[in-house]
1. For residue 153, indicate whether it is within 25 Å of residue 185 (Cα to Cα), open to solvent by 70 Å² or more (accessible area, probe 1.4 Å) and of a type in the set (A, V, I, L, M).
2. Identify the residue in region 122-139 that is part of a helix (DSSP H, G or I) and out of contact with any helix residue (DSSP H, G or I) (no Cβ under 9 Å at 6 or more places or on another chain) and, among all such residues, is surrounded by the most Cβ atoms within 10 Å (Cβ to Cβ).
3. When you look at residue 49, is it open to solvent by 20 Å² or more (accessible area, probe 1.4 Å), more than 24 Å from residue 143 (Cα to Cα) and at pLDDT 90 or above, yes or no?
4. Just one of 142, 100, 106 is within 24 Å of residue 59 (Cβ to Cβ), open to solvent by 70 Å² or more (accessible area, probe 1.4 Å) and either of a type in the set (A, V, I, L, M) or at pLDDT below 75 (or both); which is it?
5. Consider only pairs whose beta carbons are under 7 Å apart and that are at least six residues apart or on different chains; among these, list those whose first residue lies in region 167-191 and is assigned by the TED database to the domain that holds residue 132 and whose second residue is of a type in the set (Ser, Thr, Tyr) and surrounded by 13 or more Cβ atoms within 10 Å (Cβ to Cβ).
6. Restricting attention to region 195-214, which residues are modelled with pLDDT of 70 or more and surrounded by 14 or more Cβ atoms within 10 Å (Cβ to Cβ)?
Amino acid sequence: MDDAKFVLGSKYDLRTKLILLIVANILIFLGFGLIYQSLITSFFLAIIISDGYKKSALRYILFFVISVILEKSLVHLNINFLINLLLFIFAIGRKFLPCIIVGKWILNSTSASLAVATLQKLKFSKDSLIMISVLFRCFPTIRDEWSHINMAMKTRGINFNLKNLLEKPTLIMEYFFVPLFVSVIEMGDELSQSAIVRGLDAPVQKTSRYLIKFRKNDISDLTLMILILSTVIFMKVLGWDL
């Protein structure tokens, strides 16, 4: 069939995104210096910017800059435990920021249909396809359900905030989390039945409207990523302190 009849979707293939996520997890443990973190984070920021996620990239940059400023300005002061804990959280968040960037990018740019089509091409088992299809469709549904519960509770004068969570934990648990858990269980069953009805477990060759193939963007980014990973490993072997 002509490629024009297919939907290309994102600029990047999902397989490329998953490889980038794996490499991001490897890279964050190969170096701990601020310059190294800045360079690795910049690489993944450039990728999501090229895919059109400029506002998300700006938020990540602000978080990185603020965490560095706080760490450099407060590290030499005699401060209490809570401030130290906050600085530790910022440092951990900055350390794992490349993984967060790629993971959030995958969730935002990948539909359930595209994920299933890609995994079918990778010859995943039927049970795995059903589970992943349910997961991808479950998160947006949970977000909508939480919004409805929160709105209903606000009309009754019960707000979900840090103050109520600390002062009235049982009330928050009863009116927010219990309905949410019940809804999630029901949604899981319904989404599983929907996936089966749509024929995900049928023993036939599947077709898809998505065009699953590596394109120029994928090849160039994967090549650059391999070069970066090889360089970092080579420097570590030579004894460089990254």
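The values are calculated or read from the model by the stated rules, or taken from the named source; none is laboratory data. Note that the structure is predicted; figures quoted are calculated from it, not measured. FYI the Cβ positions are ideal-geometry reconstructions off the backbone, even for glycines, and counts take in every protein chain you see. In case anyone asks, the SASA skips ligands and DNA or RNA and just uses the protein heavy atoms, side chains included. Shrake-Rupley method; radii C 1.70, N 1.55, O 1.52, S 1.80 Å.
1. Details: within 25 Å of residue 185 (Cα to Cα): yes; open to solvent by 70 Å² or more (accessible area, probe 1.4 Å): no; of a type in the set (A, V, I, L, M): yes.
When the stated conditions are applied, residue 153 does not pass them.
2. 126
3. On the way: open to solvent by 20 Å² or more (accessible area, probe 1.4 Å): yes; more than 24 Å from residue 143 (Cα to Cα): yes; at pLDDT 90 or above: yes.
For residue 49, the condition - open to solvent by 20 Å² or more (accessible area, probe 1.4 Å), more than 24 Å from residue 143 (Cα to Cα) and at pLDDT 90 or above - is met.
4. Values: 142 fails: open to solvent by 70 Å² or more (accessible area, probe 1.4 Å); 106 fails: open to solvent by 70 Å² or more (accessible area, probe 1.4 Å).
Matching residue, one of 142, 100, 106: 100.
5. Between residues of region 167-191 that are assigned by the TED database to the domain that holds residue 132 and residues that are of a type in the set (Ser, Thr, Tyr) and surrounded by 13 or more Cβ atoms within 10 Å (Cβ to Cβ), the close pairs are 187/141.
6. Correct list: 210, 211, 212.
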